[in-house]
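The structure appears below as structure tokens.
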Amino acid sequence: MVPGVRNPSKQENRALESVEGTEDDRYIAGPSCTKNRRWESDMDLIRQPPRRASNVNMAGIVGLARMTDKARGHNAELLGDYRYGAGSGLDVEVLEFINMNEEEFAEAADELSDADLGTLARECSGRAQADIDEFNREHLEREPQDDLHRQLLNERLDKFAPGRIDITTVFASMELDDWGCYKDLDLTQRPPRTPYLRSVFGIAGAARMADKARARTSGKYGDYKYGDDSYIDRTILEFLGISADDFAEAAYANPNDVELGEWITERKQPGPGEVAALNVRLTSHGESTPGFEDRFRSRHAEVCSDRPEVCTFYAMMDIDDQQSFGIVDLNRRPPRSPYDTSIGDVVALARMIDKGRAHLSGHLGSYWFGEDSGFDRRLLDYLGVTPDEFCAGLQENATDESVAAWLGAPLNKDPSALNRELLHLAPSNDRAKGFLRSLVNGADPSRHDIDTFTAMTYLDDIVTFARLWAPV
């Protein structure tokens, strides 16, 4: 989702562009208009690599699982330094083999589970098993054919595996680079992911435990506790029947959440409902857990004494992570409401501050900020500052009050006209109306009262994070 939550309120920009009458599909009807389809993983390729090129767990075709992860990362605007579709030589070959184009595959990657997407790819390809076997063999055995790829292989060997002579193929070179770039994690510089994330084996907390395991292996896990020293980790490991050392070794070898889950699947086959029951137990662990009442009250007083509604360790961990590192992490919570007028009586200014601080700390997640956001562009124009100037102001001013003082004169203007514009943004044509309806249907099909993009943005925040925080 980042890892964490996919596309929260990226509708902001699409919505405002559709009001302005543009016909740019990027803003009106992109492949991931809704966020209710959360399959094997919210693929944040900033925080993890895609699956290995040699992974054949989707339709038995090499490169397909990797391309699926990149398609989902592309859709979520979390592709990182990877390339999807025409920008990737391997993707071009896989797409040609399965007779699909990059746009229809990206849309299908959002709509379908891995199993269903693999079935679709097989059907579209029309290939016999012998053709697939030959395609796989040719790619698995392919060695670098030009100076550039030979140089890349040698550089990766020197950096990540000096002395290894068994890594000779293009796929092995790619996979070494993926592993080398993501294997280490420094939890003295940034926190592990939210405990609510279920991207490893469907267990809330397993992805966070994997982050701590990798940081422990690299010797940079700071004040975090791992394995037997952590009640949450211990509970998950006991459920899986896996030792802390074995899990740490697997997490280090498999920096991709899905592949780590595949490693677990080879060792654990839970019965129906077992993972759901575990998640309820984990996410509910807190002030009402027998034997932990005093521990919770003590920790709550240290972390969030002003938040009486916080009653679980998971909720408290998200707060503690952000406070400890001085960050706003929009993978863990939404920004403030677009209706918030607490700063200068200006609609959505508090929200833009949250997004700006998240942007500065590298925890913007899937939100859009500054020039990428239609709401923000209007606000910045009203305030007479550029995105860079606004970010500089946030860095120099740690509180809302000091930001308001820094903005000064612009906040003394009457914001009524701007507020009306932002609050009443609505579809201006049939296409935009259809787009808004698709967003509402993705959040709550019963809500026929939602008729503005501002209302949809707020509903979207609430529904998206309610799904993340749900015990099951």
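The table for this structure:
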item	result
Scan of the range 219-234 for residues that are closer than 18 Å to Asp320 by Cα and either among the hydroxyl-bearing types (Ser, Thr, Tyr) or under 24 Å from the mean Cα position of the chain (by Cα) (or both), ordered by number	Tyr221, Gly222, Tyr224, Lys225, Tyr226, Ser230, Tyr231, Ile232, Asp233
Any chance Ala315 is hydrophobic (A, V, I, L, M, F, W, C) and open to solvent by 60 Å² or more (accessible area, probe 1.4 Å)	no
In the range 177-192, the residues that are outside any loop (DSSP other than H, G, I, E, B), within 16 Å of Asp44 (Cα to Cα) and not acidic (Asp, Glu)	Trp179, Cys181, Tyr182
Some residue of the range 193-202 being of a type in the set (S, T, N, Q) and either surrounded by 16 or more Cβ atoms within 10 Å (Cβ to Cβ) or part of a helix (DSSP H, G or I) (or both)	yes
Qualifying residue in the range 71-80 (condition: surrounded by fewer than 23 Cβ atoms within 10 Å (Cβ to Cβ), over 19 Å from Pro255 (Cα atoms) and over 18 Å from the mean Cα position of the chain (by Cα))	no
Selected residue [surrounded by 14 or more Cβ atoms within 10 Å (Cβ to Cβ) and modelled with pLDDT of 95 or more] from Pro427, Pro415	Pro415
Those residues of the range 335-346 which are surrounded by fewer than 22 Cβ atoms within 10 Å (Cβ to Cβ), in contact with a helix residue (DSSP H, G or I) (Cβ under 7 Å, 6 or more places away or on another chain) and of a type outside the set (Val, Ile, Thr), in sequence order	Arg336, Ser337, Tyr339, Asp340, Ser342, Gly344
Unique match (being at pLDDT 95 or above and either closer than 30 Å to Leu278 by Cα or surrounded by 15 or more Cβ atoms within 10 Å (Cβ to Cβ) (or both)) among Gly393, Gly374, Gly442	Gly393
Residue within the range 261-278 that is under 20 Å from the mean Cα position of the chain (by Cα) and either of a type in the set (D, E, K, R) or within 23 Å of Gln48 (Cβ to Cβ) (or both) present	yes
Total residues in the range 91-107, condition hydrophobic (A, V, I, L, M, F, W, C) and open to solvent by 10 Å² or more (accessible area, probe 1.4 Å)	4
Residue satisfying all of: in the range 452-463; assigned to a helix (DSSP H, G or I) and open to solvent by 10 Å² or more (accessible area, probe 1.4 Å); farthest from Ser284 (Cα to Cα) among these	Ala455
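The values are calculated or read from the model by the stated rules, or taken from the named source; none is laboratory data. This is a predicted model, so every value here is computed, not measured. Please note: Cβ atoms are built from the backbone with ideal geometry, for glycine as well, and neighbour counts cover all protein chains shown. Note: areas computed on protein heavy atoms with side chains; ligands, DNA, RNA excluded. Shrake-Rupley method; radii C 1.70, N 1.55, O 1.52, S 1.80 Å.
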